[in-house]
Amino acid sequence: MVQPFIPNDAYARKARSEGYLARSAYKLTAIAEKYGLLKTGDAVLDLGAAPGSWLQVASEIVGPAGRVVGVDISPIAFHEKNVVARQLDILSPGLSGVLAHYGPFDAILSDAAPNTSGIKDRDQALSEELVERSLELAATHLAAGGSLVAKLFQSSETKNLMKRAESMFRQAHLYKPKASRERSFETYLVCLGKL
């Protein structure tokens with residue numbers, strides 16, 4: 001879902017002036033800079049890619065020698081020579097077969113979020129399902145040494161997700177970029193060095 005541009009939101013104004021589709025571009029920029037996440041020539045998978053602001057950032061970083069595959073159930077608005085956009089449900093069992101044609105990936109990114117209901121426990125459970133799916137896809141499609149970033153609505157289950165991530169990666173961190181709204185309970189699971 002596209003986040004609306006709010007006139008008094010500095011990140012939204014900056015996104016508009018710099019040509020990004022959404023303010024969330026600055027979340028990925030901050031994560032990528034802090035953790036050295038992406039580099040020229042990388043193959044990247046972006047789950048929950050619509051409208052495409054993370055695709056924009058990843059496409060810029062990996063350059064023409066790299067490739068970014070974006071997957072979302074909604075149409076993806078960003079197109080570039082090094083971007084492949086696929087309109088698919090990331091929870092679909094058939095997705096893994098499609099991704100096999102493009103991987104292995106050096107990084108998997110997920111800014112995917114459920115359609116929130118306002119019922120905190122339900123929204124957290126749906127968010128956890130998306131993070132679990134990201135970890136499943138990483139187990140199959142992420143190259144050794146690769147990285148994963150996944151949006152997470154923190155809950156009592158966060159500890160279990162961290163344990164799973166720590167069993168798959170050399171490092172696992174929780175990080176909230178400054179571009180995340182203060183009132184939001186989202187954070188990002190950042191996993192480095194797939195074992």
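Coordinate-derived values only; no laboratory data. As the structure is a computational prediction, the values presented were derived from the model and not from experiment. Note that we place each Cβ from the backbone using ideal geometry, even for glycine, and neighbour counts take in every protein chain shown.
Laid out as a table, the results:
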| quantity | calculated |
| --- | --- |
| Packing rank of 85-96, 63-74, where each peptide gets the mean count of other beta carbons within 10 Å, highest leading | 63-74, 85-96 |
| Ranked packing of 146-155, 51-60, most packed first, by mean Cβ within 10 Å | 51-60, 146-155 |
| The chain: relative contact order in percent, alpha carbon pairs under 8 Å with at least 6 residues between | 17 |
| Among the listed pairs K39/K120; K14/K176; K120/K151; K27/K81, those beyond 27 Å (Cα-Cα) | K39/K120 |
| Cα→Cβ-extended label distance, 7 Å offset, between L195 and T140, nm | 2.2 |
| Rounded to whole Å, sorted largest first: equivalent-ellipsoid semi-axes of the chain, Cα gyration tensor | 22, 21, 16 |
| Extension gain (nm, one decimal) between K159 and S92, 0.36 nm per residue minus Cα-Cα | 21.5 nm |
| Potential extension, A77-L126 segment - 0.36 nm per residue separation minus Cα distance | 15.2 nm |
| Label-point separation, A100 to S167 (7 Å along Cα→Cβ), nm | 2.5 |
| Positive-end residue of A10, H101, G118, charge dipole of the chain with Cβ unit charges | A10 |
| Order of V84, V190 - criterion: other Cβ atoms within 10 Å of each residue's Cβ, fewest first | V84, V190 |
